[in-house]
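Let me begin by presenting the structure, written as structure tokens, before commenting on it.
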Amino acid sequence: MTVEDLNHERTSPAEIDFGALAARALRSWADLVRATPHLVGDDARTRALWGLVAWYERVFECDDYSVNPPIEGLDVLIDELARASVPYEVHAELARARWAVRVAEELVRWRHCLRADGPGSVPTGPATDRLELAQEARRQIEGTCGG
């Protein structure tokens, strides 16, 4: 279910559980992120990606988890996307995984704001907006992989 689906059901924004929506999306994209370590040949880089996979899974499994992603894993993912020698198919998979990780990053930021400032607070509003925008990644992820 997306935010658009909820809007069509005449659900008010105050009733929408943005965190649950994002967590469901992350869960549905988990296989994309889990595949990233298998797309990289270097052991050290693979270990960094496994750390990112573990973080990603924790984000959708634990409703209150709001730890930032491991920078090493993000760096490897971004570096792999920038390499010219990466085959198109691998690049496409890495790009979809990056979109999924991006949504997870916004969910973590949203949770942090919610916990620090409370629902309806001034900082939580923009965090909610960013989380909604990040979920537009659905088009990038699912539109290109048939999900």
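We did not get these values from a lab; they are worked out from the coordinates using the rules stated. As the structure is a computational prediction, the values presented were derived from the model and not from experiment. Cβ placement follows ideal geometry from the backbone for every residue including glycine, while neighbour counts extend to all protein chains displayed.
Structure notes:
- Spin-label model, residue 71 to residue 47: label points 7 Å out along the Cα-to-beta-carbon direction sit 1.8 nm apart.
- With 0.36 nm allotted per residue and the present C-alpha distance subtracted, the residue 79-residue 112 stretch has 9.2 nm of extension available.
- With each label modelled as a point 7 angstrom along the Cα→C-beta vector, the residue 89-residue 64 pair spans 4.5 nm.
- Residue 130 paired with residue 142, simple spin-label distance in nm, labels 7 Å along Cα-to-beta-carbon: 2.4 nm
- Rounded to whole Å, sorted largest first: equivalent-ellipsoid semi-axes of the stretch 17-145, Cα gyration tensor: 27, 15, 12
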